[in-house]
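*Asks:* Below: one structure in structure tokens.
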Amino acid sequence: MSDVAKCPTCGSISKIKEKDGHITYSAVQDEEALKKIGQLKKAMEKFKQKAEALEKEVQELKALN
């Protein structure tokens, strides 16, 4: 994931890129933010499904003992 900070010039949230000791700020666009949020939601949903499956498996193992 990109490094993000406030731009010292305009104060907007920006992605930071450093090349040869020179730092470049690129403003984060709404489309980019929405795309990242969508990716995070998908990842969280997958994690939630895995956690629920593991929880179910633990309950089944406890029932066997």
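The values are calculated or read from the model by the stated rules, or taken from the named source; none is laboratory data. On a predicted model such as this, the values are computed, not experimentally measured, just so you know. Because the Cβ atoms are built from the backbone with ideal geometry, glycine has one as well, and the counts that use them run over all protein chains shown.
*Asks:* Quick one: is S2 among the small types (G, A, S), at pLDDT below 80 and in contact with a strand residue (DSSP E or B) (Cβ under 8 Å, 6 or more places away or on another chain)?
*Replies:* For S2, the condition - among the small types (G, A, S), at pLDDT below 80 and in contact with a strand residue (DSSP E or B) (Cβ under 8 Å, 6 or more places away or on another chain) - is met.
*Asks:* Acidic (D, E) and touching a residue at least 12 places away in the same chain (Cβ under 8 Å) - does that describe any residue in region 2-23? It would help to see each step written out before you state the result.
*Replies:* Step one: filter region 2-23 for residues acidic (D, E), giving 3, 18, 20.
In the following step, the residues that additionally are touching a residue at least 12 places away in the same chain (Cβ under 8 Å) were identified as 3.
Scanning region 2-23, I find at least one residue that is acidic (D, E) and touching a residue at least 12 places away in the same chain (Cβ under 8 Å), so the answer is yes.
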